[in-house]
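A.B. asks: First the structure, which I've put down as structure tokens, then a few questions once you've had a look.
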């Protein structure tokens, strides 16, 4: 599990085709933006321009003239909303991360082709990694002391279904990070050893350095 830090003032696998869109649009908010249940119909609340002090960069899952539908980083898992096109800046990411819990491997795709498959430490039976469609919310440096988190952490939009407050952080967000001293357990086959986060060998984690916020993260059985 991951306590988010607020900011202060392996060899490549043989490429394989991925049976889905290979480019994802990403909407980065210009300001706190009103939420819409559908184009033109307001719903309660706003999407904050920052989440844990980082810009809200949200994958677009549908669009209409003047509107985009995006995934949200906030609970509950799977939340979406419509936003006005004028409230966001659109970019794109060629990456997609797929975490296969049955094989205990993380797979990285770029432009629709698999470029990495790495063994991973996934959630233990008592603290399972949530299944669903999520995304990379932001990247942060490791906590101090590092204690095995690796060179950086990819913070995702997934939240633990069992834990609501990890180490007093106010939430329990799933991250992708280093092995926390469990390299041997992860080995080449992966293992069910975490509180829901995804643990990688540091050499595998470094392969994710170019993955930007807004990149889809699909967690499958």
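A.B. asks: Considering only residues that are part of a loop (DSSP other than H, G, I, E, B) and within 14 Å of the chain's Cα centre (by Cα), look in the stretch 53-78 and name the one that is farthest from residue 215 (Cα to Cα).
C.D. replies: 75
A.B. asks: Residue 29 is checked against (1) in contact with a strand residue (DSSP E or B) (Cβ under 7 Å, 6 or more places away or on another chain); (2) surrounded by fewer than 19 Cβ atoms within 10 Å (Cβ to Cβ) and fails just one. What number does that condition carry?
C.D. replies: So residue 29 meets the others, but not (2).
So that you can scan it fast, the table gives a plain yes or no per residue for (1) crowded, with 18+ Cβ neighbours inside 10 Å; (2) within 16 Å of the chain's Cα centre (by Cα); (3) assigned by TED's automatic domain parsing to the domain that holds residue 72; (4) closer than 22 Å to residue 73 by Cβ:
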{"residue": "116", "(1), (2), (3), (4)": "yes, no, no, no"}
{"residue": "137", "(1), (2), (3), (4)": "yes, yes, no, yes"}
{"residue": "141", "(1), (2), (3), (4)": "no, yes, no, yes"}
{"residue": "144", "(1), (2), (3), (4)": "no, no, no, no"}
{"residue": "151", "(1), (2), (3), (4)": "no, no, no, no"}
{"residue": "174", "(1), (2), (3), (4)": "yes, yes, no, yes"}
{"residue": "181", "(1), (2), (3), (4)": "no, no, no, no"}
{"residue": "184", "(1), (2), (3), (4)": "no, no, no, no"}
{"residue": "197", "(1), (2), (3), (4)": "yes, yes, no, yes"}
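A.B. asks: Of the residues that make up the stretch 199-208, is at least one at pLDDT below 95 and under 30 Å from residue 91 (Cα atoms)?
C.D. replies: We begin by selecting, within the stretch 199-208, every residue at pLDDT below 95; these are none.
No, the conditions are met nowhere in the stretch 199-208.
A.B. asks: Would you check if there is a residue in the stretch 160-169 being touching a strand residue (DSSP E or B) at 6+ places or on another chain (Cβ under 8 Å), assigned to a strand (DSSP E or B) and assigned by TED's automatic domain parsing to the domain that holds residue 190?
C.D. replies: No, every residue in the stretch 160-169 fails to be touching a strand residue (DSSP E or B) at 6+ places or on another chain (Cβ under 8 Å), assigned to a strand (DSSP E or B) and assigned by TED's automatic domain parsing to the domain that holds residue 190.
The values are calculated or read from the model by the stated rules, or taken from the named source; none is laboratory data. It should be emphasised that the depicted structure is a prediction, and the values quoted were computed from it without experimental measurement. Every residue, glycine as well, gets a Cβ built from its backbone with ideal geometry; the counts of neighbours run over all protein chains shown.
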